[in-house]
Amino acid sequence: MLLSRLVEALGADAVKSQPEDLSVYSFDAYTEGSLPAAVVLPSSTAEVSAAVKIAREFGEPIVPRGAGTGLCGGASPMRGGVVVAFTRMNRIVELDLAHRRARVQPGVINADLSAHVAGDRLFYAPDPSSQKISTIGGNVATNAGGPHCLSYGTTMNHVLGLEIVDDRGEVFTTDVDRAGYDITAAMVGSEGTLGIVTSAWVRLMRMPESVRVWLATFGDVESASSAVSAIIAAGIVPTALEMMDAVATSAVERAFRAGYPTDAGAVLLIEHAGLEDDMNAYESAISAIARDHGASSWRAARSQAERDLLWAGRKGAAGAMGRLAPNYYLQDVCVRRSTLPKALHAVSDIARTYDLTVANVFHAGDGNLHPMLCYDRRDARQVQAVIESGNEILKAAIALGGTVSGEHGIGFEKREAMREVYSTADLATMARVREVFDPKNMLNPEKIFPAGAQCAEVRAPGNVA
Amino acid sequence: MTVEGVSHLLKNANENGECVLVAGGNTLRGMGRPPLRVDVTLSTLGLNAIVEDAPADLTIAVQAGLTLRTLAHTLAPHKTHVPFDAPRAADATVGGTLAAGWLGPRRHLYGRPRDFVIGSVAVLADGTIARAGGMVVKNVSGYDMSRLYVGSFGTLAVLVQVNLKTAAAPPMQRVFSMRLPEGTRERALSVLSNLNVTPAAAFWIDGFRGTIDGDEGQEGRMIVLLEGTAHTIERLTREVRSALGRAGVPETRIVDAGARESFERVLDAYVACVGERSITYRIPAFPDEALACARDLTALATRFELRHDALVDAMNGDVIFRVNDLDAMALGAKIEMFDDALHDQQPNAIVIAGNHSHRPLLAVWGAQPDAIEQMRALKSRFDPKNTLNPGRFVAGI
């Protein structure tokens, strides 16, 4: 009945219900959820709206899905329902170059938008490492970050307005420039629990006049992270400030030959974009701080090709982990930037305690850690060790005044950890928003808000941070 | 006043069916409607502590009643700032500026005020003390409640503390001021907004004499703020001068000492009133349409025989338009019809200053937003008894 109604509304071609289809959509890059009752591939807002209305009629929850690259189960159906996959809604609907903005459908791939406007010397700033496959709709749902968020801000800062299909299938729009509650801000990062984004106005930025990329090497992670804290404390916020430890650089070099030194304990990848006139002074200031904190070498990328290669290595780092171990678990926590050395120290202690290899590749300038714990999922002891150390890392971040997700979101995986960060009153206040937009708890249920027992599944490799 | 005190006060008022007016520095009192009823006034001015100054993290947590001036003074030794750009910084509070959703002229460069907010403590109408976010600069743990409170005019909750991200303050500021000879206005604005190097702010001004510096030419005057390192300023100076020269603007006056004060006088003009006899509108426009918008409004004001002052934020496109008349009565005789005509042209115009509490017919919030139903539902879930600032916000919320 549900299926026939969906087929009637969207066409047979847009409704998937074979067991093999359902199984593919039962998980994202985190873990397996439950089998959905159906998967729909709408081509328009009207079709999304129709699908929501039908699902509601049958009491089936709705689970919106972009590319399924999320690492926390945000796109996994946990109570069955209808998965709304945005694969076919991948058009740039309107390009307003004069005002540097674009209206895109949620299925547009992040990197495609920047590529599309590159000829006009514009770009879309949020750049999660998954940007070659992840969608703008998914990025909006998780308020996705990326290396360049350090100076450009996360997805939140780049969304100007949204078109949303609500829990009843009705359509409304938001606009950050209009008086009224900032519903755009509530929607961004809400992981599909408040409404389904069917179109977004996003800001495009002018390409900077000059871009420089530098590499600084250090003997160990501690001195590199002290350098990062000192750079920030000096009021210097580069466009990107990334760190990789020796384990990570060796995997990256084996996979990409990107030009990272493999004999250093830690490497900082620093980018600054802006006016050519300021670049030399900038380089002097940052390199002096790096040297004061024990940098053993400092070099500038000499060409665009060299810069691109370094970035390709950095953004492909998670994928390169397959060279180290059959599986890895990628944690995402954010701490105060002055506590980076302590946080890194804690991560390394935890890994040692559980006898796991850890690779660190992360957005150091933001204090956003991404320890990757290497393991073999065929070994039950290692699986248990990874689950426990993942939780220990969350606790360590919280103890340092940090938070349980910097940019990947809460999804299903971390919902219990929300209790560690927020009081019951804080969570109840958040829940009021949920009750307004989704009183029947039909939009991506079992996400963000804690309930029941914690279930920390562990992922397979090949995922992208 | 303590946070617990605010909680206690709101809880009592809410239980007793009393209405609470929330006030900061009263600098943006001219925005929105007066509350339908006031039984208790809650001033946040006593909540003015610096909760945590963390310069090494480039963050600071402050109570909502702290003034923008004190915030700036606190950050100055660290060479950082939080560029909210609200008028009357000595009186304006951090909480009030955020609650009013203030948008300043340097946001094209630094971002919106809301984008500096990384955490908050708010007190709900029933006295619930709710925290959101934290002191980290990136955080996706649940809904961004802090940003939802920003721009909500204290109708969802009372902000009592905000945690802010800070940014390195520009080492140098320079102000250019110039009169515009005939035939130069359009070109001057267009060349400025298309420079490779971006001025921190650029304004075209017609009127506001005595409030904003500079002398009028045949087509008004301009004030341009440059910020950055000495190198940047040097480069900007060269490029701005040559661009303006191409546009036919021969002379510019440069102010280095006092540049900040000069810029602040422009900000103050946004809400400067002519006694009880003026109303000021903010009209959102695109930068390339703002000048035409100001011209249309000037024609409209002239038709209504209203005196007027105009200010165009060339970088963001905001048009600030103030009308006034000989006295409050003369203004009163025309303002409602003018308001109608203005909103016919610019449905999203909002009122940001003026004494209009007795003029319920003015469309102070402009056209009703599309998501009004959701907004009403939010209000009734957060403040079901309509305790907080009732009637002050959009569509009577």
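Positive contributions from Lys and Arg (+1) and negative ones from Asp and Glu (-1), summed over other residues with Cβ under 15 Å from the Cβ of residue B:149, come out at +3.
The convex hull of the Cα atoms of segment B:304-359, projected and averaged over all directions, covers 4.2 nm².
Across peptide B:53-59, the mean count of Cβ atoms from other chains lying within 10 Å of each residue's own Cβ comes to 6. Shape analysis of segment A:248-368 places it in the oblate category; the axes a ≥ b ≥ c from the Cα gyration tensor give an a/c of at least 1.5, with a/b not above b/c.
Backbone phi angles across segment A:173-184, fed through the Karplus curve with coefficients 6.51, -1.76 and 1.60 (θ = phi - 60°), yield HN-Hα couplings of 10, 10, 8, 5, 8, 9, 5, x, 4, 7, 5, 4 Hz in residue order; Gly and Pro are listed as x.
Calculated from the alpha-carbon coordinates, segment B:133-213 shows an Rg and a Dmax of 20.0, 55 Å respectively. In terms of other Cβ atoms within 10 Å, B:172, B:222 run from fewest to most in the order B:172, B:222. Using the Karplus relation 6.51 cos²θ - 1.76 cosθ + 1.60 with θ = phi - 60°, the per-residue 3J(HN,Hα) values for segment B:80-90 come to 10, 7, 10, x, 7, 6, 8, x, 6, 4, 5 Hz, with x marking Gly and Pro. Taken about its Cα centre, segment A:89-192 carries a charge dipole of about 340 debye when Lys and Arg each add +1 at the Cβ and Asp and Glu each add -1 at the Cβ.
Between the helical axis of A:45-57 and the longest alpha-carbon principal axis of chain A there is an angle of about 60 degrees. Anisotropy class assigned to chain B is oblate, per the alpha carbon gyration tensor with a/c at or over the 1.5 cut-off and a/b no larger than b/c. The angle between the Cα long axis of helix B:259-269 and the longest principal axis of the Cα atoms of chain B comes to about 70 degrees, rounded to the nearest 10. Taken along its principal axes, the alpha carbon cloud of segment B:20-89 reaches lengths of 45, 22, 15 Å, longest axis first.
Around residue A:198, what is the net charge, scoring Lys/Arg as +1 and Asp/Glu as -1 over all other residues with Cβ under 13 Å from its Cβ? Value of the local net charge: -1.
Taking a ≥ b ≥ c as the square roots of the eigenvalues of the Cα gyration tensor, segment A:1-103 is oblate, since a/c reaches 1.5 or more and a/b is not larger than b/c.
The alpha-carbon positions of chain A define a convex hull whose volume is 144 Å³ per residue. Mind checking the angle between helix A:221-233 and chain A's longest principal axis? C-alpha axes, 0 to 90 degrees, to the nearest 10. In chain A, helix A:221-233 runs at an angle near 80 degrees to the longest axis. Residues A:435, A:407, ranked from the fewest to the most other C-beta atoms within 10 Å, line up as A:435, A:407. Cα-based radius of gyration for the protein assembly as shown, normalised by 2.2 N^0.38 Å, reads 0.94.
The reciprocal of the average 1/r between distinct C-alpha atoms defines the Kirkwood hydrodynamic radius, which for segment A:134-213 equals 13.5 Å. Sorting A:199, A:190 by the number of Cβ atoms found within 10 Å of their own Cβ, with the fewest placed first, yields A:199, A:190.
Values quoted throughout were computed directly from the atomic coordinates according to the rules given, and no laboratory measurement underlies them. Everything numeric here is computed off the predicted structure, so don't read it as measured data. Using ideal geometry, Cβ is built from the backbone for each residue, glycine included, and neighbour counts are taken over all protein chains shown.
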